[in-house]
Each structure stands twice: as structure tokens, then as C-alpha cells.
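None of the figures in this text is laboratory data; all of them are computed from the coordinates on show. Small disclaimer: the values here were computed from a predicted structure and weren't measured. Cβ placement follows ideal geometry from the backbone for every residue including glycine, while neighbour counts extend to all protein chains displayed.
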Amino acid sequence: QFHMIKHEDLTWSESLGQGSFTHIFRGSKTDQRDGVTHSTEVLLKVLDANHKNCWESFFEAASLMSQISHKHLLLVYGISVHKSKNIMVQEFVKHGALDLYLKKSTSVSVSWKLDVAKQLACALNFLEEKNIAHGNICAKNLLLAREGDPSTDNSPFIKLSDPGISMALLGKDVVLDRIPWVAPEVLNTLEIELECDKWSFGSTLWEIFNNGEAPLQGLDPIHKQQFYEHFSNLPALEWTELADLISQCMQYQPELRPSCRSIIRQLNSLITSDYEILHASDTLPK
Ligand SMILES: N#Cc1ccc(Nc2nc(N)cc(-n3ccc(CO)n3)n2)cc1
């Protein structure tokens, strides 16, 4: 169910960082189509050699992304296995991960952030309709394909990345480090259900409206675990309507979390105009 890409058709460029048990590199792939050689810029995601036992889960995550296609889901061209290297070949998304982009950009507008939130909600709605749980929703896994330009007011465009290695195979320390994105019930079951993605969506909303700042970033794993044991909530955003949506998503009882349709409806009803005017100070152009 996968397109296999020959290793000799891949060119490797610089390292772009790492994820859980993976390294990512910029690169390119060449392929012949009707006798013509095409070279495409790609993102090469390599599974660490010392986590080779995770290769099924690594490729399962990729196959999830290539069995279904949606404008806000990352395109996976295929996989390449060479000696001990397991490689996922993804479309190269121009502006990279949203968390880094938000940290770098001094001020993106409230409507820009809402637009990104709506796109993520649409991607989740699409997955929910197919009864597919993603399991790793966070700003680091939102990729910015188009910046959107404040002056011409054209909007950003994001793509949701692959979920990566499944929770069951990640160590407890990695799972604890994913607090508060990982839903509380997952700590016991290590199983990902649709409701888990709603919890993660709430945490990702918090990140987006806190300019990419990671929630609970200062806490060590023990204190992160206590955050759940004490049924704590993230600090509320000033924008109460948005803070309400985040707390609906981040309810400890999974069945009480809103459907994607409800999330989309609530996002659409958030009036950016008065909020933007009320808080014009923190959205001044750079
Ligand atoms: N400077 C810079 C820069 C870095 C990366 C890209 N592009 C890209 N394309 C993808 N398909 C996936 C990713 N990812 C980045 C983190 C993750 C974790 O999941 N993925 N980055 C573009 C610019």
C-alpha cells in the first residue's frame, strides 16, 4: 500500500532537526515520468537506527497519511528502505513547523491564528468522519505551506503532519513529556481514540494563541503527571470565548468533549472584529 522509492533516487541536504525517534532532512527525489526526469524537493524523515523495532509503527503512521488525501493533510510520496535506514519521503512544506514560525514571528494577527485553527478543525473533522484518530496533534506537527501576507491579507495554509510512532511504543518518559497535548486517559490506556484528538486540539489552540509558547514547558515529567492527577487546567486566555472552547476540548471526561462540527461552529462564531479592535495593541504589525 506504499510507493517504494529507490534510495539512489534520493538526494540528501541539510538536517532540519529531530522528532521522537526520528531525524528530518531537506532533500530531493528524482523520478522519470514519460521519459522526462523530474526532481522534487522533499522532506526526508528517518527513523533512528536504534529504534529500528518501531519501523512498522513508523510506516503505519505514513500509510495513514497516504491512504486518505485532504488539502490539510501532509502528502507522503512513499518510503525508502536502505540497509538499516527507514525513510519516509514527504512533500516539503515551505515554512516548516508552526511552533517555530510563531516563536519567530513577533506578531501574527488574531484572524491569522483563527484561520489556522479553523483549518486544523477541518482536518480533524475529515479524520473524525473517517473514524481515524491522529494521536499527535500539536503546533510542531502543523506545517505552514503558505505564510499569508498581512498587507495583501491573503491567508495562511497549514498541513497536518504524520502522527509518528504510536504511543504504545514510545517510552513512558516521552508520553509524559507530551503532557498537556496527550489526553489524560491515554496515560493509562496508551490507546488513541477520536476524543483524544479533541483534547490535543485544545492544547494546540492554547499554543497558537500564546505565540507558539509550549504549555507547561517549565514542568518536569513528575510535575506534568501531577497536573493530570490534580485535574488541573491550562491558564485561561484573556479571550474568554476562546478560553471556553479550549476548556470544552480539555475536559477530563472524553465523552464530554465537543464534536468537530461543534468546534468548527464555535470557531466560526468567534467575532474577530471586536476582539481585534479591543486588543489592537498586541496585534500591531511588526
Ligand atoms: N527552516 C526551515 C524549514 C524546516 C522544515 C521545512 N519543511 C518541512 N516539511 C515537512 N514535510 C515537514 C517538516 N517538519 C518540521 C518538523 C516536523 C515534525 O513533524 N516536520 N518541515 C521548511 C523549512
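Just a few scattered comments:
- Gaussian network model of the chain, springs between alpha carbon atoms under 10 Å - residue of VAL36, VAL175, VAL93 with greatest fluctuation: VAL36
- Cα gyration tensor shape of the chain, rounded if a/c is under 1.5, else prolate or oblate by comparing a/b with b/c: oblate
- Estimated purely from DSSP H runs of n ≥ 4, each contributing -39500 (n - 2.57), the mean residue ellipticity at 222 nm for the chain is -10500 deg cm²/dmol once divided by its residues.
- Net charge dipole, the chain: roughly 660 debye, given to the nearest 20, about the Cα centre with Cβ charges of +1 for Lys and Arg and -1 for Asp and Glu.
- Whole-number D in µm² s⁻¹ for region 3-78, Kirkwood Cα-pair radius fed into Stokes-Einstein, 20 °C, 1.002 mPa s: 156
- For region 154-210: relative contact order, % (alpha-carbon pairs under 8 angstrom, 6 or more apart): 30
- Of the residues MET4, MET250, the one with the fewest other Cβ atoms within 10 Å heads the list, and the complete ranking is MET4, MET250.
- Normalised per residue, the volume of the convex hull around the Cα set of region 1-134 (Å³): 141
- Angle in degrees between helix 110-129 and the longest Cα principal axis of the chain, rounded to the nearest 10: 60
- Spin-label model, ARG33 to GLN217: label points 7 Å out along the Cα-to-beta-carbon direction sit 4.0 nm apart.
- Ranking ALA62, HIS95, VAL36 by Cα position along the charge dipole of region 36-101, where only Lys, Arg, Asp and Glu carry charges on their C-beta atoms, puts VAL36 farthest toward the positive end.
- Axis of helix 55-67 versus longest Cα principal axis of the chain: the two differ by about 70°, to the nearest ten degrees.
- Signed unit charges on C-beta, dipole axis of the chain, positive-most listed residue PRO254, SER200, PHE227: SER200
- Remark on ARG146: its backbone amide H falls under 5 Å from those of PHE157, a criterion applied only to residues 5 or more positions apart or on other chains, H modelled at 1.01 Å from N.
- DSSP beta bridge pairing in the chain, given as percent antiparallel to the nearest 5: 95
- Whole-angstrom gap from region 33-64 to region 73-89, using each part's C-alpha centre: 1
- Low-density loop positions, trypsin sites (Lys or Arg not before Pro), region 1-98 - DSSP coil, at most 15 other Cβ in 10 Å: LYS6, LYS71, LYS83, LYS94
- Once the Cα gyration tensor of region 62-158 is diagonalised, semi-axes √(5λ) in Å: 26, 17, 11
- Computed magnitude of the charge dipole of region 24-111 (debye, nearest 20; Cβ of K, R +1, Cβ of D, E -1): 260
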